[in-house]
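Right, one structure below, let's go through it.
The values are calculated or read from the model by the stated rules, or taken from the named source; none is laboratory data. From a predicted model like this one, the values you see are computed outputs, not experimental measurements. No Cβ is skipped: glycine too gets one built from the backbone with ideal geometry, and neighbour counts run over all protein chains shown. Keep in mind that these areas ignore ligands, DNA and RNA; they rest on the heavy atoms of the full protein, side chains included. Shrake-Rupley method; radii C 1.70, N 1.55, O 1.52, S 1.80 Å.
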Amino acid sequence: MREFRATPPKIQAPQIGVCAPADRGIFDYTDDVCDTLWRDLDGAGAAVLVRNVDACRLEGCDFGGSLWRGVNCGDVIFDCCDFSNATFDACGMHRVRFVRCKFTGTVWSDCFCSQVQWTDCVGDMASWDRVKCRDIRMEESKFVRFSLHNCTLTRLGCARNDWSGLQLSSTDLRGVDLSDTALDGISADTPSRLSGCRVSTAGAAAIARMWGIDVR
């Protein structure tokens, strides 16, 4: 039997120093912003116009329904932020950490992520379309009915996630360790999308049911 070998991603922590409290909202910037702290910012439904966000912390902010277009985030921590129904379009993320954030109905399209980590996040019906990722990790997160379409995921790390109802289209998860990730109700456009994955017995049964096999 061929030995399973997953390449574990090496996730670098965001490099953030002392952040000064913001004197205006992130939506008020059109230039670059760095070394800034935002807490409890109400930005629901607004558009982010700043191009580069560097070495910043955002805590308890409401970005529900917001638009992030062409925004580049480097060395940023988002803690307890709500991105429900937000849109990330052509954004870049490098050394970014999302902790206890909400992504219900969030859409990511044409984005690039490297050294990004999601921890203890939720994202019912989140959608990724044409997203390219390298060295990313998702752990202890619940992304139910998560949709991945035409994505490139290189060195993806997963730990203790709930991906029930995962929908794969033109996206490969080959060689990813999904042994402690819930996959009940998974669907894919072809079986090869999961070729070489490591899954639990329950995960294998869920994949088999996807192709009409009755596992007892």
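Scanning region 39-52 for residues that are in a strand (DSSP E or B) and under 21 Å from the mean Cα position of the chain (by Cα), which turns out surrounded by the most Cβ atoms within 10 Å (Cβ to Cβ)?
Out of the qualifying residues, it is V48.
Would you please name the residue that is nearest to D110 (Cα to Cα), looking only at residues in region 123-170 that are touching an Asp or Glu at 6+ places or on another chain (Cβ under 9 Å) and β-branched (V, I, T)?
For region 123-170, the residue satisfying everything is V131.
Conditions tested, residue by residue: (1) part of a strand (DSSP E or B); (2) surrounded by 17 or more Cβ atoms within 10 Å (Cβ to Cβ); (3) acidic (D, E).
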site: C113; (1), (2), (3): yes, yes, no
site: Q117; (1), (2), (3): yes, yes, no
site: M125; (1), (2), (3): no, yes, no
site: R134; (1), (2), (3): yes, no, no
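Of everything in region 85-102 that's in a loop (DSSP other than H, G, I, E, B) and open to solvent by less than 10 Å² (accessible area, probe 1.4 Å), which residue is farthest from R69 (Cα to Cα)?
Per the criteria, the residue is C101.
So which residues in region 63-84 are in contact with a Lys or Arg (Cβ under 7 Å, 6 or more places away or on another chain), part of a loop (DSSP other than H, G, I, E, B) and surrounded by 18 or more Cβ atoms within 10 Å (Cβ to Cβ), if there are any at all?
V71, F83, S84
When the residues of region 23-38 are narrowed to those that are open to solvent by less than 30 Å² (accessible area, probe 1.4 Å) and assigned to a loop (DSSP other than H, G, I, E, B), which ends up nearest to A90 (Cα to Cα)?
Y29
Can you name the condition, by its number, that L168 falls short on among (1) open to solvent by less than 40 Å² (accessible area, probe 1.4 Å); (2) part of a loop (DSSP other than H, G, I, E, B); (3) in contact with a helix residue (DSSP H, G or I) (Cβ under 8 Å, 6 or more places away or on another chain)?
Every condition holds for L168 apart from (2).
Look at G60 and say whether it is over 16 Å from the mean Cα position of the chain (by Cα) and either open to solvent by less than 50 Å² (accessible area, probe 1.4 Å) or without any contact (Cβ under 8 Å) to a residue 12 or more places away in the chain (or both).
In short, yes.
Look through A46, A13, A55, A20 and report the one residue that is small (G, A, S), out of contact with any His (no Cβ under 7 Å at 6 or more places or on another chain), farther than 30 Å from R198 by Cα and in contact (Cβ under 8 Å) with a residue 24 or more places away in the chain.
When all the criteria are applied, what remains is A55.
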